[in-house]
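Enquirer: Dropping the structure in here first, questions after.
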Amino acid sequence: MTEKRPVLVATEADDITADMVIAELNRRDVPVVRFNLADIGEDLTVSARFGTCPAPVVGQVRTPSRTADLTRVRSVYWRRPEWPSFPHLSPDDSRFAAMQVRYGLGGTLYALDGPLWVNHPLRIAAADYKPAQLALAQQLGFTIPPTLVTNDPSEAREFIRTQRNAIFKTLRWTPYTREGVPVTGWADPVTADEIDDGVRVAPHLFQARVDKVADLRVLIVGRHTFAVRIDSELLDWRKNYDALTYTIEHLPDWVDKALRTYLRYLELVSGSFDLAADRAGNYWWLELNPNGQWGWLETETGLPMSSAFADLLMQGDRQ
């Protein structure tokens, strides 16, 4: 019997979303090699050779319980792996070791051109810039809220005053603590009076508030589209999941096609889109998360999202 080709799953130690996909692959008897980049050392070993045979990359990734032949990988599910920080080393040695892992282990995995990536980390990184997302969304026919990205306090105040209501959003989620307590950057209302010279430190994103009646989270996985309407009274629904209600939504064909075109443009096979619906039934573009969470939506709605990921990963092969 021909040996079954494995699926690589790169993610952090506790990832319920990845667990759901792995469980589905296990039910289908598909071998999985799961690892976290932060485990490099005794719990994760990589060996790769280049230029010694016809295959571009020959080698293995090994964990204490699994081994993957890099020439036999079917697909790679790149969820949310953590890069190592090496706190036991000196600051200089830690920085040096971290870069060697990023460009050694990471570079070896990125060189795998045959397997299907869901999604390739370099494509994820390229797709994660909100200003570029907004420009592409407008090109593809979506309505986007008037938006300003600036580090000019005067321009920020002028923009906010010209909007009926304005909000502030972070350009990129970043781990952040105040006095040791983790905090999260929500979408929050902002007034011109709140703008001071601190804005000059870095670009900020200010946006007109959409007069919405509901939010939509749309997950596209290969040929599957799952759209969920999220009803709440919240500006940012992520603030209180207990206040949310969920309804399966059926998107207009043009919206579905435009979202798929969006992913093809960015060379992604999956993505989580956030849209807002107004009282007239129009859809407003908010943002794309190229590696977003969706596990709780499957639990709430029964939509077969993990099965769709398993379908895609089983299919394998980039072409």
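Enquirer: C53 to V181: extension gain in nm, 0.36 nm per residue of separation minus the Cα-Cα distance? Show your work: numbers first, answer last.
Expert: Numbers: separation 128, 0.36 × 128 = 46.08 nm, distance 5.21 nm.
Net length gain for the segment: 40.9 nm.
Enquirer: Next up: Would you please give the residues with an amide H less than 5 Å from that of N291, counting only those at least 5 places away or on a separate chain, with H modeled from the backbone geometry?
Expert: Here the answer is S272, since their amide H atoms fall under 5 Å of that of N291.
Enquirer: Still on this structure: Taking the Cα centroid of the stretch 239-274 and of the stretch 1-58, what is the distance between the two, rounded to the nearest whole Å?
Expert: So the separation of the two Cα centres works out to 28 Å.
Enquirer: Send over the semi-axes of the chain's equivalent ellipsoid, whole angstrom and largest first, taken as the square roots of 5 times the C-alpha gyration tensor eigenvalues.
Expert: On the way: eigenvalues 277, 129, 64 Å².
For the chain, the ellipsoid semi-axes come out as 37, 25, 18 Å.
Enquirer: Using a cut-off of 12 Å between beta-carbons, work out the net charge of the residues near R200 (Lys and Arg +1, Asp and Glu -1, R200 not included). Don't skip to the end; give the middle numbers.
Expert: Numbers: positive: none; negative: D152, E155, D196, D197.
Result for the local shell: -4.
Enquirer: Suppose every Lys and Arg Cβ carries +1 and every Asp and Glu Cβ carries -1, with no other charges. What dipole size does the stretch 43-170 come out with about its Cα centre, to the nearest 20 debye? Don't skip to the end; give the middle numbers.
Expert: Values: 15 positive and 10 negative charges, 83 e Å.
That gives a dipole near 400 debye.
Enquirer: If you don't mind, another one. Could you tell me the distance between the Cα centroids of the stretch 95-111 and the stretch 142-200, to the nearest Å?
Expert: 35 Å
Enquirer: A further question follows. If you look for lysine pairs in the chain that are eight or more places apart or on different chains, how many of them have Cα atoms under 26 Å apart? Provide the component values of the computation, followed by the final result.
Expert: Working: K130/K169; K130/K212; K130/K239; K130/K257; K169/K212; K169/K239; K212/K239; K212/K257.
Qualifying lysine pairs in the chain: 8.
Enquirer: To the nearest 20 debye, what is the magnitude of the charge dipole of the stretch 119-228 about its Cα centre, counting +1 on the Cβ of each Lys and Arg and -1 on the Cβ of each Asp and Glu? Walk me through the intermediate numbers first.
Expert: Values: 13 positive and 12 negative charges, 116 e Å.
I would put it at about 560 debye.
Enquirer: What number comes out for accessible area per residue over the chain if the probe is 1.4 Å? Units Å², please.
Expert: Numbers: 17160 Å² over 319 residues.
Result: 54 Å² per residue.
Enquirer: Still on this structure: For T71, what residues show an amide H to amide H distance below 5 Å, using hydrogens built from the backbone and excluding near sequence neighbours?
Expert: Distant-sequence amide H within range of T71: G59.
Enquirer: According to the square roots a ≥ b ≥ c of the eigenvalues of the Cα gyration tensor, what is the shape class of the stretch 179-319, taking rounded for a/c under 1.5, prolate for a/b larger than b/c otherwise, and oblate for the remainder? Could you put the intermediate results ahead of the total?
Expert: Details: a/c = 1.75, a/b = 1.58, b/c = 1.11.
In terms of gyration-tensor shape, prolate.
Enquirer: Would the stretch 75-181 count as rounded, prolate or oblate if I go by the C-alpha gyration tensor, calling it rounded below 1.5 in a/c and otherwise prolate when a/b exceeds b/c, oblate otherwise?
Expert: oblate
Enquirer: For R34, what residues show an amide H to amide H distance below 5 Å, using hydrogens built from the backbone and excluding near sequence neighbours?
Expert: Residues meeting the amide H criterion: V9.
Enquirer: For the chain, what does the helix formula give at 222 nm: sum of -39500 (n - 2.57) over DSSP H segments with n ≥ 4, over the residue count, nearest 500 deg cm²/dmol?
Expert: On the way: 8 runs with 90 residues, N = 319.
Dividing the helical sum by the residues of the chain leaves -8500 deg cm²/dmol.
Enquirer: Can you give the local net charge around T245? Use residues other than it whose beta-carbon is closer than 10 angstrom to its beta-carbon, Lys and Arg +1, Asp and Glu -1. Mind showing how you got there, number by number?
Expert: Working: positive: R229; negative: D231, E300.
Taking every Cβ under 10 Å from that of T245, the sum is -1.
Enquirer: Then there's this: Which one of L259, Q293, I248 has its Cα pushed farthest toward the positive end of the charge dipole of the chain, where Lys and Arg give +1 and Asp and Glu give -1 at the Cβ?
Expert: Of the candidates, L259 comes out farthest on the positive side.
Enquirer: Which residue, chosen from C53, V30, T67, occupies the Cα position most advanced towards the positive end of the dipole of the stretch 1-74, where the dipole is computed from +1 (Lys, Arg) and -1 (Asp, Glu) charges on Cβ about the Cα centre?
Expert: C53
Enquirer: Moving on. Taking all protein chains as present, what is the carbon and sulfur share of the accessible area of the chain, in % to the nearest whole number, probe 1.4 Å? Don't skip to the answer; put the middle values down first.
Expert: Numbers: 8480 of 17160 Å².
Taking all protein chains in place, the chain shows 49 percent carbon and sulfur surface.
Enquirer: Can you tell me how the stretch 128-255 classifies by the Cα gyration tensor, rounded, prolate or oblate, using a/c under 1.5 as the rounded cut? Before the final figure, lay out the partial values.
Expert: Working: a/c = 1.82, a/b = 1.46, b/c = 1.25.
Since a/c reaches 1.5 and a/b is larger than b/c, the shape of the stretch 128-255 is classed as prolate.
Enquirer: Right, something else. Along the charge dipole of the chain, Cβ charges K/R +1 and D/E -1, which of A308, A135, V218 sits furthest on the positive end?
Expert: A308
The values are calculated or read from the model by the stated rules, or taken from the named source; none is laboratory data. Keep in mind the model is a prediction, meaning the values are calculated, not measured. Glycine gets a Cβ as well: all are built from the backbone with ideal geometry, and neighbour counts include every protein chain shown. We work out accessible area using only protein heavy atoms, side chains counted, and drop any ligands, DNA or RNA first. Shrake-Rupley method; radii C 1.70, N 1.55, O 1.52, S 1.80 Å.
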